[in-house]
Structure formats: C-alpha cells, structure tokens
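The values are calculated or read from the model by the stated rules, or taken from the named source; none is laboratory data. Because the structure is a prediction, the values reported are computed rather than measured. FYI the Cβ positions are ideal-geometry reconstructions off the backbone, even for glycines, and counts take in every protein chain you see.
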Ligand SMILES: Cc1ncc(COP(=O)(O)O)c(C=O)c1O
C-alpha cells in the first residue's frame, strides 16, 4: 500500500513504550501529567533552543491552532496554492483564525520562491484598510510533492518576514523527512531561519496519532490552551499523546524512521529509472511521482500496491502520474513486489 504515509502502522518502539510505561498507570489530565510536562525540555534539546510544545491529535488542528496564534481575523496568511492548508484543510484555517484569508504565492509547482515572495510583499498595499494585509507566511517542509526548501531559502524567507513584520510558520507534517534528506540540524530549517512556530508530524512517521505543535517565540504560546479547548482539541488524556512524542524523539527514532522512508523511495526511484519508467521530483524525501500506463496502474493495484492518481500541472496537465509514498515500515521486498507488478523483473536482491 503506497497511498500515503498515514497508512503506516505505529512503530514497535512507541507501542512498547505505551504498554510498559503508560498502560496501567494513572496521571493528571489535560496536560498536567509527567510526559506532557517534560515535552518542552525534551524538544528544547532537539532544537537547541527553548521551545513551547503541545501535542495535538491531527495535523490540520495543529496547523490551524498555530495560525490562530499568528494571524488576526482581519489579516491573511501567505501560502502556496497547492499547500495542504489551501486544498486539504477545508475551512479550518478560517475557523481557527476567526476569519483570516489565505493569499497565494508561488514560483514553482509546489514551492514559494524567495523572488516571488519578495515581489508580492513589495507590491502589497500595507495600509489599505479595505484589504487584508498578510500577517504570516506559511510554507510546507517537506512540500506536498516531497521536495524540500534549502536552509538558505528558508533564511531568505525569514529575512523577508522580519523586514515586513510577518510571522513565519512551517507545516512540518513531513519535517522529519526534510531534516533527514537535507542532513542538517532541525534548527537550520526552523528558528535559526526565523521561524516563529511550526508543526512537526509524527503520525505519518511511526506514531499512532499525534503531531507536535512547536512554538519558538513564547509570546505566541499565550492563550493557546484556551484556543485548543474552544475547538475541542484539549485532550483530557494528553499523556497518551505526549508519551508517543517522548518515544518518537528518543534515540533519534524520528530521524531513523524518516531516513528509512526516504531510502525506500530512493530505491524505488533508482529501480524504475533503470527500467526507463519516468519519475518526477526524484525522491528527495518519501514521495515519488511515477508515470504509468493504466494497465500498469491496475496490475499494481490488484497486487495490493495502491497509489493515488496525481496529475501534475506544471507543464500542461500530466494526467498519467501516480503518487507513491513510502514510510518507516516500507521494505525493499515491497518495492521489488511493486516493480514485479508493473512488469519489471528484479533478478538480484535490491
Ligand atoms: C503537508 C501536510 N500537512 C498536514 C497534514 C495533516 O493532516 P491531518 O489533519 O489529516 O492529520 C498532512 C496530511 O496529509 C499533510 O500532508
């Protein structure tokens, strides 16, 4: 099954930790428990700076809770038109911000470019009382097509945000995959580049169901628990969410899982290319876009390797692309099985 990384099971380390340390114990509700209390300290070490952290059940809620803190109801959020925020979060951004608008900025099929952002900010009528000036830039790292922003581009965004007084938000549903791909410190792709707050996905990368909302500028943590409560996102048994994050960020599990997922996508990319099957955005992280005939698609689906049909619209609409997503438990045998299903004979172990 290559539909998405949220089809992945929970990884054994997290399962075992919950069973050994949480199951059968009692602790206080609504975040007053041992593991939630530890999260700030835990993540502060990972990011090498003081952070404020809240575990949230879904990525949409985590993104939009953060944006509610970073943007007023009469302002707007700059994001890419293909972003999860723009196309897959329903009216949640409006709901959580109380009415803020999304304003699109692009440059590449899945990315905002520094040039486009600079031009857009330069052209903004900041004092137009009839408009909704931007308050926040939101980017996705890794992007919805599995590519990553470089630390240099992230720094340019940060400088522009500073120049124009914007907050800077990162949807990091696949942040682990981006850090693993870039082989850099998480700080370089976040606060050192000027990021104000971010979400850091865990559900797609080994957890049962939790994302970390991470705030770097403490003024934006104020009131967030009340905002979470108001939207039904203050988990009473938060300790189960926090304990998942505790394990996820222990012993580099989050990076090891992401590294493995990225490697499996790269393996698949190599194999397909060797057999002249076209792929796009060559497996920067754990997503691959593959050009298949309908009959190859049907045989792979019949063999259990489901994928989403994913037309790519950058150079005219390329309809015959499919998105293949790997995750922490994808195996080389599964990649070989998929190759076999689309007519590639793998003769030696891969
Ligand atoms: C880029 C991105 N952001 C956020 C999310 C989180 O979404 P959900 O609310 O389904 O957990 C996803 C999940 O697909 C995603 O791909």
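Quick grid of which residues meet (1) without any contact (Cβ under 8 Å) to a residue 24 or more places away in the chain; (2) more than 15 Å from residue 177 (Cα to Cα); (3) in contact with a strand residue (DSSP E or B) (Cβ under 8 Å, 6 or more places away or on another chain):
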position: 246; (1), (2), (3): no, yes, no
position: 255; (1), (2), (3): no, no, no
position: 258; (1), (2), (3): no, no, no
position: 268; (1), (2), (3): no, yes, yes
position: 277; (1), (2), (3): no, yes, yes
position: 311; (1), (2), (3): yes, yes, yes
position: 323; (1), (2), (3): no, yes, yes
position: 338; (1), (2), (3): no, yes, yes
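Considering the stretch 161-235, the qualifying strands (runs of 3 or more DSSP E), each wholly inside and each with 1 or more residues that are under 17 Å from residue 151 (Cβ atoms), run over 167-172, 197-201.
Among the residues of the stretch 4-31, those identified as within 16 Å of the ligand (Cβ to nearest atom) and surrounded by 14 or more Cβ atoms within 10 Å (Cβ to Cβ) are 4, 5, 6, 8, 10. Out of the stretch 89-101, which residues are in a loop (DSSP other than H, G, I, E, B) and within 13 Å of the ligand (Cβ to nearest atom)? 89, 90, listed by residue number. Among the candidates 79, 71, the residue that is crowded, with 24+ Cβ neighbours inside 10 Å and away from the ligand (no atom under 16 Å from the Cβ) is uniquely 71.
Exactly one residue out of 220, 149 is more than 13 Å from the chain's Cα centre (by Cα), in the same structural domain as residue 68 (by TED's automatic domain parsing) and at pLDDT 95 or above, and it is 220. Residue 49 - would you say it is modelled with pLDDT of 95 or more and within 16 Å of the ligand (Cβ to nearest atom)? When the stated conditions are applied, residue 49 does not pass them.
When 86, 66, 61 are screened for being at pLDDT 95 or above, part of a helix (DSSP H, G or I), within 16 Å of the ligand (Cβ to nearest atom) and more than 16 Å from residue 211 (Cα to Cα), only 86 passes.
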